[in-house]
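Asker: Please see the structure below; I have some questions.
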Amino acid sequence: MRHFILSFIALFFFVFESIFAQMFAGDAFGADKIIIPRFMMIFVFFLTMYGSRKMGMLYGAILGLTYDVVYTEILGIYMFLLPFLAYLISKCMKILQNNLLVSCLTALLFTAVLEVVIFQMNVILSFTNMGFGEFAVRRLLPTLLLNLAFIIISCYPLKRMFEKLDLQGETD
């Protein structure tokens, strides 16, 4: 039952992210700003922090592959990057205190890391000609602000849900 609930919630975040991107695309926040919702990735990050590393990496790989197939031109980038970031988060959370504020800041930091790595891959493959300064102002900062708002709204419900599902019983 736990896996069904997790799969349903992961699917919900995947679809919600797409709907949100469609609703607020274009001139909603200014014509020169690019805002990318990363709700599904934040779900994976919180799953890793409050669930288990194994489940976070598994859902990261599955959702990353799905994201690659549906949205990106670079197959495999999210499929490998999400489980890798989930692994790094699990290692960071063993060092840091596992309270809600630290978890929110860690999720925001890893969202920034995800954005920068994706940008660098696009630069390497010549999919963009934007400089890093322009990227930081036009895409990174607005994306981090949107995702920070989402993290603040969803951190406590996600934490409670993962604690109730008791995924720590699964082997790490």
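Asker: If you take the residues in segment 16-51 that are crowded, with 21+ Cβ neighbours inside 10 Å and part of a loop (DSSP other than H, G, I, E, B), which one is modelled with the lowest pLDDT?
Answerer: GLY51
Asker: Which of (1) of a type outside the set (Val, Ile, Thr); (2) modelled with pLDDT of 90 or more; (3) more than 13 Å from the chain's Cα centre (by Cα) does MET57 not meet, given it meets every other one?
Answerer: Result: MET57 fails condition (3) only.
Asker: Would you confirm whether any residue within segment 78-98 is more than 20 Å from LYS54 (Cβ to Cβ) and either in a helix (DSSP H, G or I) or modelled with pLDDT of 95 or more (or both)?
Answerer: No, that holds for no residue.
Asker: Oh, and also: Within segment 29-49, can you find the residues that are farther than 14 Å from PHE16 by Cα and in contact with a Leu (Cβ under 7 Å, 6 or more places away or on another chain)?
Answerer: Matches in segment 29-49: ILE35, VAL44, PHE46.
Asker: Here's another thing I want to ask about it. What pairs can you find where one residue is in segment 93-113 and without any contact (Cβ under 8 Å) to a residue 60 or more places away in the chain, the other is small (Gly, Ala, Ser), and their Cβ atoms are less than 8 Å apart, with a gap of 6+ or different chains?
Answerer: Cβ pairs passing all conditions: MET93/SER103.
Asker: If you go through segment 126-141, how many residues are open to solvent by 70 Å² or more (accessible area, probe 1.4 Å) and among the small types (Gly, Ala, Ser)?
Answerer: Of the residues in that region, 1 qualify.
Asker: Does ILE5 satisfy the condition of being touching a residue at least 40 places away in the same chain (Cβ under 8 Å), under 16 Å from LEU165 (Cα atoms) and open to solvent by 50 Å² or more (accessible area, probe 1.4 Å)?
Answerer: Working: touching a residue at least 40 places away in the same chain (Cβ under 8 Å): yes; under 16 Å from LEU165 (Cα atoms): yes; open to solvent by 50 Å² or more (accessible area, probe 1.4 Å): yes.
Answer is yes for this residue.
Asker: Another one. Name every residue in segment 88-124 that is in contact with a Ser or Thr (Cβ under 8 Å, 6 or more places away or on another chain) and farther than 13 Å from MET41 by Cβ, in order of residue number.
Answerer: Hits for segment 88-124 are SER90, CYS92, MET93, LEU96, PHE119, ASN122.
Asker: I'm trying to understand the selection: among the residues of segment 107-117, which are closer than 16 Å to TYR78 by Cβ and buried (at least 20 other Cβ atoms within 10 Å of the Cβ)?
Answerer: PHE110, THR111, LEU114, GLU115
Asker: Just to verify a result, which residue in segment 52-95, among those that are small (Gly, Ala, Ser) and touching an Asp or Glu at 6+ places or on another chain (Cβ under 9 Å), is surrounded by the most Cβ atoms within 10 Å (Cβ to Cβ)? Reasoning before the result, please.
Answerer: Going through segment 52-95, the residues small (Gly, Ala, Ser) turn out to be 52, 56, 60-61, 64, 76, 86, 90.
Add one more test, that the residue is touching an Asp or Glu at 6+ places or on another chain (Cβ under 9 Å), and what stays is 52, 76, 90.
Numbers: SER52: 21, GLY76: 11, SER90: 19.
Step by step, filter segment 52-95, then rank; the result is SER52.
Asker: When you look at ILE62, is it more than 24 Å from ILE153 (Cα to Cα) and not in a loop (DSSP other than H, G, I, E, B), yes or no? Give the derivation first.
Answerer: Numbers: more than 24 Å from ILE153 (Cα to Cα): yes; not in a loop (DSSP other than H, G, I, E, B): yes.
In short, yes.
The values are calculated or read from the model by the stated rules, or taken from the named source; none is laboratory data. Every value quoted in this text rests on a predicted model; they were computed, and no experiment measured them. Here Cβ is always computed from backbone atoms with ideal geometry, including for glycine, and neighbour counts include all displayed protein chains. Just so you know, the surface numbers come from the protein's heavy atoms only, side chains and all, with ligands and any DNA or RNA stripped out. Shrake-Rupley method; radii C 1.70, N 1.55, O 1.52, S 1.80 Å.
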